[in-house]
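For reference, the structure is listed below as structure tokens.
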Amino acid sequence: SYVSCRRSDELAYEDALAAAKANGEDTSDLEEVYKTYREGDSLKEYLALRNATSGYHPAKNKVNTSLLAVFCPYAGTDDVRWVMKQADLELYEKLENSLMDTTYEYDVYDYDLEYDVPMYFISGSMDYVCNTSLTRTFSEDITAPRTVFAVIAGGGHTPQYETPEAFGELVKQMLKLG
């Protein structure tokens with residue numbers, strides 16, 4: 001669940017910083033990246049922070065999702081063009097800036113926390129993009145006829161690709177609940 005991009009990145013940083021300190025590493029570069037991130041507002045700072053913290057959140061279940069996107073039987077010419085445009089950060093930022101701004105400022109808590117339908121959440125234990133603890137807390141904070149939160153151990157941001165069998169089993173179990 002996408003609770004808050006900004007808060008997810010802050011938690012990823014806090015976790016990475018704690019891990020670096022515990023390992024006796026020099027944290028000055030990590031701290032500088034975070035400072036630049038806090039002062040900036042572009043995709044460049046956002047991606048720099050993600051790159052600096054991602055090594056401290058290694059998903060054990062890995063898959064190359066870029067290749068999946070390109071070689072998906074449902075991918076079309078526009079999908080391939082979109083993947084290629086991401087290689088040019090300046091162009092990508094220009095094209096996607098308003099979407100990124102909206103996504104980055106989004107916080108699910110700004111909206112209604114009451115739902116008339118069951119709410120099911122599946123998260124990878126190592127998802128630092130949509131932070132697992134934020135998703136768990138959100139699932140506990142909402143009101144719904146039924147709420148289920150499940151974690152795929154070792155999973156990152158895309159457990160549906162990383163461990164499709166485990167993900168599929170969880171979805172089947174949730175669907176049986178109604």
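The values are calculated or read from the model by the stated rules, or taken from the named source; none is laboratory data. In this text, all values refer to a predicted model and were calculated from it rather than measured experimentally. Cβ placement follows ideal geometry from the backbone for every residue including glycine, while neighbour counts extend to all protein chains displayed. Side chains included, ligands, DNA and RNA excluded: accessible areas come from the protein's heavy atoms. Shrake-Rupley method; radii C 1.70, N 1.55, O 1.52, S 1.80 Å.
Details
- Reachable lysines, given that their alpha-carbon falls under 30 Å from the alpha-carbon of K176 and they are not under 8 places away in the same chain: K60, K62
- Rolling a 1.4 Å probe across the protein heavy atoms gives segment 1-67 an accessible surface of 57 Å² per residue.
- Anchor K35: lysines whose Cα lies under 18 Å away (excluding residues fewer than 8 positions away in-chain): K21, K44
- Rounded to whole numbers, the Karplus 3J(HN,Hα) couplings from phi for segment 166-178 are 5, 4, x, 5, 4, 4, 4, 4, 5, 5, 5, 6, x Hz, using 6.51 cos²θ - 1.76 cosθ + 1.60 with θ = phi - 60°, and x at Gly and Pro.
- Relative contact order of the chain, defined on C-alpha pairs under 8 angstrom at six or more residues apart (%): 29
- Kirkwood-based Rg to Rh ratio, the chain, C-alpha trace: 0.98
- Helix content alone sets the calculated 222 nm mean residue ellipticity of the chain: runs of n ≥ 4 DSSP H residues at -39500 (n - 2.57) each, divided across all residues, give -17500 deg cm²/dmol.
- Peptides 118-131, 39-52 ranked from most to least packed by the mean count of surrounding Cβ atoms within 10 Å: 118-131, 39-52.
- Rounded if a/c under 1.5, otherwise prolate or oblate - segment 123-178, Cα gyration tensor axes: oblate
- The label-point distance for K85 and E31, in a model that sets each label 7 Å from Cα toward Cβ, rounds to 4.0 nm.
- Per residue, the convex hull spanned by the Cα atoms of segment 70-126 amounts to 192 cubic angstrom.
- Amide H contacts of T147 (H built 1.01 Å from N, under 5 Å, at least 5 apart or other chain): M119
- Phi-based couplings in Hz for segment 144-152 (Karplus 6.51, -1.76, 1.60; Gly and Pro marked x): 7, x, 8, 10, 10, 10, 10, 10, 9
- Shape category assigned to segment 84-178 from the gyration tensor of Cα positions, a/c cut at 1.5: oblate
- Antiparallel bridge percentage (DSSP; both residues within the chain; nearest 5): 10
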